[in-house]
């Protein structure tokens, strides 16, 4: 019964966190005509981000403790946010497809690609645990790990994991929106994206280390904030497509003072 419940919980988590972003991206491709290539490039830049981060963290090792109890926990969030947002910003220079997708729908597609790839990696890590519990419980026991307890832990934490990954994807959409604003409005939005990402990582990781459900609630709060940001930017038309930009009213060849404007 435990294994059946484990697989039901796992498949539900996998569908919601790993498959849903790809399905949404396909919907954007079909209904909003956003190139699926944007999703793929954004996902690839997330992997590039990992390729840059891993050597840096290996080089740092345990030296972060030298910064003291206050600054040491902030080093990792600072590295994550700086590298990830810099590469996210640069991803919108990766070819004509990305350059032509610097609009609200393109930011949404890129956020799904970036966050979806992150969720997929988390899902694969969880997959290895579920497979080990199901097919190799003896190997876990040899390592001093109780398979039944591990399975129950996965089931209980399934909802928390799912909510946190979905919140992360929404945050990625918000970060992508800020990066596109850096192109379309002002470069000042790039450091804002870095600081916003840092705030999310620092607050949630610190609360997660303390324990309890508060970090998930804070994560959901951040996701709501960035979701509202993306919706507000779309509603205000800050990142409308160039084809949707309003054209100035045509002026007549001859005009006189006080002449009314031509009808729309």
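Taken together, the values in this text are just the output of simple stated rules run on the coordinates, not laboratory data. Quick caveat, the model's predicted, so the values are computed rather than measured. Backbone-built Cβ (ideal geometry, glycine too); neighbour counts: all protein chains shown.
Placing a label point 7 Å from the Cα of residue 50 along the Cα-to-Cβ line, the residues of the range 81-124 whose backbone N sits under 14 Å from it are 114-124. Using C-alpha pairs under 8 Å with a sequence gap of at least 6, the mean separation divided by the residue count of the range 154-239 gives a relative contact order of 40 percent. Out of 203, 81, 243, any idea which swings most in a Gaussian network model of the chain, alpha carbons joined below 10 Å? Largest GNM mean-square fluctuation: 243. By its C-alpha gyration tensor, with a ≥ b ≥ c as the square roots of the eigenvalues, how is the range 1-129 shaped: rounded for a/c under 1.5, else prolate for a/b larger than b/c, else oblate? Cα axes put the range 1-129 in the oblate bin. Rounded if a/c is under 1.5, else prolate if a/b beats b/c, else oblate: with a ≥ b ≥ c from the C-alpha gyration tensor eigenvalues square-rooted, which is the chain? Since a/c reaches 1.5 and a/b is larger than b/c, the shape of the chain is classed as prolate. Mind checking which of 98, 231, 109 has the largest fluctuation in a GNM of the chain, springs on alpha carbons under 10 Å? Largest GNM mean-square fluctuation: 231. The ranking of 87, 112 from fewest to most other beta carbons within 10 Å of each one's beta carbon is 87, 112.
Note on residue 188/residue 210: beta-carbon distance plugged into 1/(1 + (r/R0)^6) with R0 of 45 Å gives a FRET efficiency of 0.85. Applying 1/(1 + (r/R0)^6) with R0 = 22 Å to the Cβ-Cβ distance of residue 99 and residue 244 gives a FRET efficiency near 0.80.
Panel order for 165, 58, by other beta carbons found within 10 Å of each beta carbon, from fewest to most: 58, 165. Look at the alpha carbon pairs under 8 Å that are at least 6 residues apart: their mean separation over the length of the range 2-244 gives a relative contact order of 28 percent.
Would you mind calculating the relative contact order of the range 111-175 from Cα pairs under 8 angstrom and at least 6 residues apart, reporting the percent as a whole number? It would help to have the intermediate numbers written out before the result.
Values: 32 pairs, mean separation 38.4, N = 65.
With pairs under 8 Å counted, the relative contact order is 59 percent.
In terms of other Cβ atoms within 10 Å, 241, 206, 102 run from fewest to most in the order 206, 241, 102.
Sort the range 1-49 into rounded, prolate or oblate with this rule: let a ≥ b ≥ c be the square roots of the eigenvalues of the Cα gyration tensor; rounded if a/c is under 1.5, and if a/c is not under 1.5, prolate when a/b is larger than b/c, oblate otherwise. Write down the numbers at each step before the final one.
Numbers: a/c = 6.56, a/b = 1.93, b/c = 3.40.
Note, shape of the range 1-49 comes out oblate.
A simple spin-label model places the labels of residue 36 and residue 19 1.6 nm from each other, with each point 7 Å out along Cα-to-Cβ. Among 49, 62, 152, whose mean-square fluctuation peaks in a Gaussian network model of the chain (Cα, cutoff 10 Å)? Largest GNM mean-square fluctuation: 62.
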